[in-house]
Amino acid sequence: MNAEDESIAHPRVLLAAFEGWSDAGAASTTALQHLGELIDAEPLHAVGADGFVDFQVHRPKVAFDRSGRRVIDWPETRLYGTVRRPGADGGESTGDEPENVHYLDGSEVSEIFLLAGVEPARDWAAFTEEIVELIDSWEVDTVILIGSLFSDAPHSRPIITTLTSEDPELRSRTGATRSDYEGPVGINTVVELALVEAQIPVLALWAQVPHYVHSAPSPKATLAILDKLEELLDVVIPRGDLLSEANEWESNIDRIAASDEDMAQYIRHLEEARDTASAPEATGEAIAHEFEKFLNIDPDEKP
């Protein structure tokens, strides 16, 4: 089998993330940006911002194009992918780890598509319909919706990621669970359920970001997302500077906590709760009890 035949055998996967409510610590959009640079992603299609985006919240930007003209860059939702041009030769592996997303045999990945934009301010139904039609027209096999949310998570412990799906086959193959969440949602969930209705396989990947550092990007959460994507896609994703950035992020929080006893005590409480929940002897009942204590819930008052 030649390289071209092998590339065709791999599924076409779309990864999507949106700025806004579902992008705590900018973790999910940073993961997409990192991947886009590694796969040399180019714009393939755009869903116009007019009618969906509040321009007073997400303002258009002016910039110079290649010819030196000043042009407006609208906050559109864009589909990106690797463009294969006639005569382009990826070359053979030299034995060194290439700085691109690649399969375990060293061959480059070109079946990953990225969908990035801002969470729309209005008309979510029409926006979602356009997204579903776009995914269907590009014959995507699987969609992974990526999000990050603020949580009672200690920065000093591994970032927790959760993977859910409404598709029983995907749950069996990936270890995902079925979400039992009820409550307010962002555009990720609206798109996810629309894809389910359209019978397009979809996974929802979420990373938990410490809420007490909400004003700073979280490279540690971005790394956790990339770790899980690497596992799901059976690929190797170079991390670049993200590891050193994550170490610096954690060290900066440690320094702040060292001069704030209330913050340090709160973090210790979160660490103890996490360590108890992660212990081998921990059960679902024990984990629930720890969270009840943290939230000061009386077990007799539970519904």
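Please work out how much length the chain gains when fully extended from D50 to D73, using 0.36 nm per residue of separation minus the C-alpha to C-alpha distance, in nm with one decimal. Don't skip to the end; give the middle numbers.
Values: separation 23, 0.36 × 23 = 8.28 nm, distance 1.24 nm.
Fully extending the segment from D50 to D73 adds 7.0 nm.
Axis angle, to the nearest 10 degrees, between helix 284-294 and the longest C-alpha principal axis of the chain: 70 degrees. Ligands, DNA and RNA are left out, and with a 1.4 angstrom probe the accessible area of the stretch 22-170 is 55 Å² per residue.
On the accessible surface of the chain, probed at 1.4 Å, how many percent belong to carbon and sulfur atoms? Before the final figure, lay out the partial values.
On the way: 8660 of 17420 Å².
Of all accessible area on the chain, carbon and sulfur atoms account for 50 percent.
Relative to the longest principal axis of the Cα atoms of the chain, the long axis of helix 242-258 makes an angle of roughly 30 degrees.
Helical runs assigned H by DSSP (4 residues or longer) give the chain a calculated mean residue ellipticity at 222 nm of -11500 deg cm²/dmol, each run adding -39500 (n - 2.57) before division by the residue total. Summary of packing: across the peptides 139-145, 221-227, the per-residue average of other C-beta atoms within 10 Å ranks them, highest first, as 221-227, 139-145.
Report, for the stretch 126-231, the % of DSSP beta bridges that are antiparallel, rounded to 5.
Bridges in the stretch 126-231 are about 30 percent antiparallel.
Full extension of the segment from D254 to T276, taken as 0.36 nm per residue of separation minus the current Cα-Cα distance, would add 5.8 nm.
In this view, the solvent-accessible surface of L149, computed with a 1.4 Å probe and all protein chains in place, comes to about 70 Å². The C-alpha atoms of the chain define a longest principal axis, and helix 219-233 lies at about 60 degrees to it.
Counting only chymotrypsin sites (Phe, Trp or Tyr not before Pro) that are in a DSSP loop and have at most 16 other C-beta atoms within 10 Å, tell me the longest site-free stretch of the chain. Longest stretch, sites excluded: 182-303. The DSSP beta bridges internal to the chain are antiparallel in roughly 50% of cases.
The values are calculated or read from the model by the stated rules, or taken from the named source; none is laboratory data. Keep in mind that what you see is a predicted model, and the values were worked out from it rather than measured. All Cβ positions, glycine included, derive from the backbone under ideal geometry; neighbour counts span all protein chains shown. Note: accessible area is taken over every heavy atom of the protein model, side chains too, but ligands, DNA and RNA are not part of it. Shrake-Rupley method; radii C 1.70, N 1.55, O 1.52, S 1.80 Å.
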